[in-house]
Structures are given as structure tokens and as C-alpha cells.
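One structure is given below, encoded as C-alpha cells.
The values are calculated or read from the model by the stated rules, or taken from the named source; none is laboratory data. Fair warning: this is a prediction, and the values are worked out from it, not measured in the lab. With ideal geometry, Cβ positions are generated from the backbone for all residues, glycine too; neighbour counts draw on all protein chains shown. Note: areas computed on protein heavy atoms with side chains; ligands, DNA, RNA excluded. Shrake-Rupley method; radii C 1.70, N 1.55, O 1.52, S 1.80 Å.
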Amino acid sequence: MNNFAAEPLFGIIISIAFYLFGVFLREKIKSDFINPLLLTIIGIVLTLILFKIPFDDYNQGGQIINLFLGPATASIAYSVFKQIRILKKWAIPIIAGCIGGSLASIGSVYFLCRVFGFNDALTSSIIPKSVTTPIAIEISAQLGGMPSITVSLVILTGILGALFSPFLIRFFHISERIAAGTAIGVSSHGIGTSKAIELGEIEGAVSGIAMGLSGLFTSIFISLVQFFG
Amino acid sequence: MRYLRQIGIIFLICYISKIISTVIPAKFPSNVISMILLFLLLITKAIKPESIRDFSEFLLKNMAFFFIPSGVAIMDEIPFLLNKIHLILFILFITFVCSFWVTAIIVETMMKRIKGCEEVDHE
């Protein structure tokens, strides 16, 4: 039998189909908890399991979509450039927020992993979960973690960001759009940023910068700790 | 034609960034290098924003879509994560809220201070 699922177009088509359906549902229901990305991932995983299609077959098309992650990240520079005047004015608070937030993330993960008695390999895999995937993989490997696990946790964290950020902005009474954008970028990298872009141009641009800066600071902190520790 | 040129420019920047990331001694992801590189090209006016506008806006608007395959890849890790998944999700959620809150409070407090100082200056 021919393996139709191993065609690259198969992976691309079901990704687009589920995603468009997710976007349609959110427009109908208008809730932050209807997240097209999360629905698409669940939909595709269930489809693959149901029809016994291996992930590698889906990933023939998946790799082509992955190719666009680089250009998508680069394009954040365009939205940052459009907001340059606001960013210049608030550079110091944004940088301070990124440093504080990155340290809070590393510290709280380390503390909770110790509380639950996780071993070093698992702890090292969780520590970089707030930063963008390519940086997280490097940090995980550098610490002796398991990069494939780290990738999953980074994605889960991003989805948490996309789901809960709008709620947290209201819950913590964050009135400055720049503060909200920075918080989203630091705590939930690119996937959070995709949500921030939907919230507004300022939030999106700041979140993009914050994602880059927190990735940078996190890798610097980890290198320093390793060097002196 | 116009779109092809825009796609070409952004792909070229990403490709150059890949090369840079393998050449520099520090391990730094090429995605972030491409973001910095494009930003520098824009502020130095080496690239006009119009010459990448449509493709950039397409990528930004559909950003979440490009994360789908990475998310589906979790299915191969599920067996490993399953026995600790409740604890891991708990940690992910608590630490996410923690870093979100710390970041937002620092930025918001500093912004209010700066705005306060500006108002005093104006008086």
C-alpha cells in the first residue's frame, strides 16, 4: 500500500486545516481559552494516534513548516522597528524586567524541582523552559539535561502563556501595555509573543524584544553559574 | 515579483545568521541572530521597511501556526513524561505565573517612577 501520509503535503494540509478550524472556533466563541495552536496540536495528535500514522510521516510536512520559524522570529525585528520610539524611551524598565523575570524563572524552577526531589537531568531539562526553543535546547544540553524533553516543556510553557496571559494581565491589574508585553515575552517566549501580537502592536513588539533579551540573559546567567559553581 | 523579493530578503538574512551562528565561538541560536541582524539593517536604513513589509506581516500574523509541528512532537515524549506529568505541569504553571508577575511588577513600577519624575520636571 502506498503511504499517503508520508507525503510532505499531508502534514502541511492537516496543520492548516486544524489551525483554520481553531481560528474559526475562537472567532465564534470569543474566549481566550479557545487557543487555535493548542486545539490544532491536540487535533493532530489524536488524528495521528487514531489512524496509526507515525509522527515521522507527519513531520515530512512538519519540517517544512519548521523552516519558517527562523523567518518568523526574524520578522519580530520589523515589529520592534515600528515601535522603536516607545522602546527607546522605556529601554531601562524593559531590560530590568527581563533580568528580574529570567532570574525569577530559573530560581523558582530550581526551588520547586528540589522540593519534589527531581533528579539533576530532569531539573536541567526544565530550567530553560521559559526561553525560546533554540536557546532552550542549547542551555538544556549545556546543563546535562534532555533537549527533546526541554522542547516539549518549552512548547507547553508557551501554550500556558497564550492561554493565561490575558487573564494574568487583568488579575495582577497590569495597566501599562509595555509591562504586559515584557512579562509575556519573558515568561512564554515566541508562543506567548504570538498571543501578545493579537493583544496589540505595542504588546507584540515589546514581547518580541523581551523574548530575545530573556533568552540572552538566561544563557548568560547559566554560563556564569556553571563557571563559578 | 514584489512578494518573491521580500521572501528572498528575509530568507537570505536567516541563511547568513545560520552561518554566523556556526562561526562565532559562543553558542547562540541563529533565529535570534537573524532578529538582531534584520533590526540592525532596518535602523541603519540598509533595508527599507517597505521592502519586507508584506512577508513580515504575514509571518507575524500567523506566528502561532509555525509552532504546530514542535507541539505535535510532544507525542513522542509523552511516555517519558507521563508518570510525573502532574508535578511537571504544576511546576510549569507556578513558575510561569512567578516570572510573569515579577517581570510585570518591575517594569510597571519603574515606568510609574519615571513618569512621576517627568511630571515633577514639567512643573
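Observations on the model:
- Taken over region B:50-62, the residue count meeting the criterion of being under 15 Å from the mean Cα position of the chain (by Cα) and of a type in the set (A, V, I, L, M, F, W, C) is 2.
- Filtered residues of region A:54-76 (kept if polar (S, T, N, Q), over 20 Å from A:Leu156 (Cα atoms) and crowded, with 18+ Cβ neighbours inside 10 Å): A:Ser75
- Looking across region A:115-132, the residues that are surrounded by 13 or more Cβ atoms within 10 Å (Cβ to Cβ) and not in a helix (DSSP H, G or I) come down to A:Phe116, A:Phe118, A:Val131, A:Thr132.
- Members of region A:75-113 that are charged (D, E, K, R) and either in contact (Cβ under 8 Å) with a residue 60 or more places away in the chain or not in a helix (DSSP H, G or I) (or both): A:Lys82
- Scope region A:172-219; condition in contact with a Cys (Cβ under 6 Å, 6 or more places away or on another chain) and of a type in the set (Gly, Ala, Ser); matching residues: A:Ala210, A:Ser214
- Members of region A:18-53 found to be over 15 Å from B:Ala64 (Cα atoms), open to solvent by 30 Å² or more (accessible area, probe 1.4 Å) and at the interface with chain B (Cβ under 9 Å from one of its Cβ atoms), listed by number: A:Ile49
- Meets criteria (open to solvent by 10 Å² or more (accessible area, probe 1.4 Å), more than 8 Å from chain B (Cβ to nearest Cβ), polar (S, T, N, Q) and over 24 Å from A:Ser75 (Cβ atoms)) for A:Ser148: no
- Only residues that are within 21 Å of A:Phe116 (Cα to Cα) and either more than 7 Å from every other protein chain (Cβ to nearest Cβ) or out of contact with any Lys or Arg (no Cβ under 9 Å at 6 or more places or on another chain) (or both) were counted in region B:92-111, giving 5.
- Selection count, region A:1-32, where residues are more than 21 Å from B:Ser70 (Cβ to Cβ) and hydrophobic (A, V, I, L, M, F, W, C): 5
- Top-ranked residue of region B:21-49 - restricted to ones that are exposed (fewer than 15 other Cβ atoms within 10 Å of the Cβ) and in a helix (DSSP H, G or I), ranked as nearest to the chain's Cα centre (by Cα): B:Leu40
- Note on region A:54-81: residues that are under 17 Å from the mean Cα position of the chain (by Cα) and more than 8 Å from chain B (Cβ to nearest Cβ) amount to 1.
- Within region B:50-73, residues that are more than 7 Å from chain A (Cβ to nearest Cβ) and in a helix (DSSP H, G or I) have Cβ atoms under 6 Å from residues that are open to solvent by 20 Å² or more (accessible area, probe 1.4 Å) and not aromatic (Phe, Trp, Tyr) in these pairs: B:Phe55/B:Ile7, counting only partners at least 6 apart in sequence or on another chain.
- Residue pairs meeting the criteria (Cβ under 7 Å; at least 6 apart or on separate chains; first farther than 19 Å from B:Val102 by Cα, in region A:141-170; second among the acidic types (Asp, Glu)): A:Gly144/A:Asp120; A:Ser148/B:Glu77; A:Ile149/B:Glu77; A:Ser152/B:Glu77
- Flag for B:Ile88 being outside any helix (DSSP H, G or I) and touching a Leu at 6+ places or on another chain (Cβ under 8 Å): no
- Matching residues in region A:170-212 - criterion: being in a helix (DSSP H, G or I), at the interface with chain B (Cβ under 8 Å from one of its Cβ atoms) and surrounded by fewer than 24 Cβ atoms within 10 Å (Cβ to Cβ): A:Ile197
- Answer from A:Leu160, A:Leu153 - the residue that is farther than 17 Å from B:Ile106 by Cβ, modelled with pLDDT of 90 or more and open to solvent by 10 Å² or more (accessible area, probe 1.4 Å): A:Leu160
- Residue match in region A:95-109 (condition: within 7 Å of another protein chain (Cβ to nearest Cβ), modelled with pLDDT of 95 or more, more than 25 Å from A:Ile202 (Cα to Cα) and crowded, with 22+ Cβ neighbours inside 10 Å): yes
- Top-ranked residue in region A:1-17 [being in a loop (DSSP other than H, G, I, E, B) and touching a residue at least 40 places away in the same chain (Cβ under 8 Å); ranked as farthest from the other protein chains (Cβ to nearest Cβ)]: A:Asn3
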